[in-house]
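One structure is given here, and the rest of the page talks about it.
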Amino acid sequence: MISECAKCPVYVCRVGDREHGPEACPMQYDFPAAEGLYVDPDIRRVARVAALVEAAGYRRWRRAEEVIEFARRLGFYRLGVVSCSDMAGVAELYIDVLKKNGFETIRAGNSQGECEPVAHAALCNDRGTDLNILLGMCVGHDSMFIRHSKAWVTCLVAKDRFLVHNPVGALYGANGYFSQALREHQTEQAGHADADMAAGQLAAAAKEVCSQGHGRWTRVEETMEFARKLGVIKLGLIFCAGFRYEAAILTDILEANGFEVVSVGCKAGAVPKEWIGISDSEKVRPGRPEMICNPLAQAELLNRSHTGLNILMGQCVGHDSLSMKHSEAPVVCLIAKDRVLAHNTVAALYESRGYLRSALYQEHRTKERKGSHGGS
Ligand code: SF4
């Protein structure tokens, strides 16, 4: 399967055109039909609600608010909050926000000691969480948690110790201050890792990256090192169309480091939003054609390409959940999108008791407690 959306010069899928993409456009080949991918009513509902939240809060809600709205609209009231040990303080800030908004929270993560993503997933599974929120996990530990979580997972904070948890900064500086750093992670060994790699393999690679790169490598560098330690050459890149500039930069960096990249943008498939039950007034820009984000097709194309590790970049809340569930290869959340805070999602939590107090604590307050799995 050929797919190089990150290098696409036209992006015609955004306007519903399936015919005029470039040669490496996945729509020119055997593209997975939405009718087959979104047949499950729960999957369809998550996809629809993610699109509704995207439009309702477009450039108005921070990601921390979008997560609350996504959970509320789906009737998800028991939320797992998962972090690695050094992000415990930030996790507590968000737990406070969630509780005051009427949610029940399950805290999975130590405040000290080793990161234990598999144990965290087991705890969330035992407690029957509806949605698990990644709030600062090391590269690879997120992959392990996602793989073992039964509930949906969304990423709120992609931890980057070097860039104070705003990993996209590495890409914006890729041709400047970070130029040398990002190009010196040359892939030396070219092993083959299958998508079925064992938890022990992931854990060992994540632990090495964590200790070697601690506070020294950006998350982009950590992701490359993680792939290298797993022996992965072929990387999948799932990105939001709003991140196409960043996707092109990242692809350039990955290829310069010896990786092969299969990339799929979110509008691939060119499926109109009406197809999933979104009315014109519920679009981001009513009166114009809008295509659904297609996270299942993105993951499916990477599955067919047998990528060894999939990188998520800038997906909406909930669209990331769908890609994570459908990915056969381990998944790393590289960048969590925040249209208000220039993708610095953690800033909302640092200000949760200050400037953003009323936005986070009042605007999204859940008036009535509904049963799990209820809601609209
Ligand atoms: S599917 Fe990918 S390659 Fe095809 S038009 Fe869209 S962005 Fe371009």
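The values are calculated or read from the model by the stated rules, or taken from the named source; none is laboratory data. Quick caveat: nothing in here was measured; it's all calculated off a predicted structure. In this analysis, Cβ positions are derived from the backbone assuming ideal geometry, glycine residues included, and neighbour counts consider all displayed protein chains.
Tabulated results
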item	result
Considering residues of the stretch 329-376 that are among the hydroxyl-bearing types (Ser, Thr, Tyr) and under 16 Å from VAL97 (Cβ atoms) only, the residue modelled with the lowest pLDDT	THR366
Test result for ALA64, of a type outside the set (D, E, K, R), closer than 25 Å to ILE249 by Cβ, more than 8 Å from the ligand (Cβ to nearest atom) and modelled with pLDDT of 95 or more	no
Test set (1) within 21 Å of the chain's Cα centre (by Cα); (2) β-branched (Val, Ile, Thr); (3) farther than 24 Å from ILE335 by Cα - VAL53 fails condition number	(3)
Extreme residue, nearest to the ligand (Cβ to nearest atom), among residues of the stretch 32-54 that are farther than 22 Å from VAL317 by Cβ and not β-branched (Val, Ile, Thr)	PRO32
Scan of the stretch 282-332 for residues that are free of Cβ contacts under 8 Å to residues at least 12 places away in the same chain and of a type in the set (Gly, Ala, Ser), ordered by number	GLY287
Test result for LEU237, within 16 Å of the ligand (Cβ to nearest atom), aliphatic (A, V, I, L, M) and crowded, with 22+ Cβ neighbours inside 10 Å	yes
Wholly enclosed helices (runs of 4 or more DSSP H) of the stretch 61-155 bearing at least 1 residues closer than 22 Å to ALA359 by Cα	63-74, 88-100
Check on ASP17, more than 10 Å from the ligand (Cβ to nearest atom) and acidic (Asp, Glu)	no
Test: residue in the stretch 316-328 that is within 15 Å of the ligand (Cβ to nearest atom), among the polar types (S, T, N, Q) and within 14 Å of the chain's Cα centre (by Cα)	no
Filter result for the condition that a residue is surrounded by fewer than 23 Cβ atoms within 10 Å (Cβ to Cβ), closer than 18 Å to LEU156 by Cα and touching a residue at least 24 places away in the same chain (Cβ under 8 Å), over ARG73, ARG44, ARG48	ARG73
Some residue of the stretch 254-264 being within 17 Å of LEU202 (Cβ to Cβ) and either among the β-branched types (Val, Ile, Thr) or in contact with a His (Cβ under 7 Å, 6 or more places away or on another chain) (or both)	no
Test: PRO272 is in contact with a strand residue (DSSP E or B) (Cβ under 7 Å, 6 or more places away or on another chain) and either surrounded by fewer than 24 Cβ atoms within 10 Å (Cβ to Cβ) or modelled with pLDDT of 95 or more (or both)	yes
In the stretch 3-30, the residues that are more than 21 Å from GLY242 (Cα to Cα) and either touching a helix residue (DSSP H, G or I) at 6+ places or on another chain (Cβ under 7 Å) or in a helix (DSSP H, G or I) (or both)	GLN28
Test: TYR29 is more than 13 Å from the ligand (Cβ to nearest atom) and among the aromatic types (Phe, Trp, Tyr)	no
The stretch 119-162, subset polar (S, T, N, Q) and either crowded, with 24+ Cβ neighbours inside 10 Å or under 14 Å from the mean Cα position of the chain (by Cα) (or both), residue nearest to ALA203 (Cα to Cα)	SER143
Cβ-Cβ under 8 Å pairs, at least 6 apart or on other chains, the stretch 2-17 side in contact (Cβ under 8 Å) with a residue 12 or more places away in the chain, far side more than 6 Å from the ligand (Cβ to nearest atom) and among the aromatic types (Phe, Trp, Tyr)	ILE2/TYR29; CYS5/PHE239; ALA6/PHE239
Boolean, VAL82 is among the β-branched types (Val, Ile, Thr), within 19 Å of the chain's Cα centre (by Cα), closer than 30 Å to GLY215 by Cβ and at pLDDT 95 or above	yes
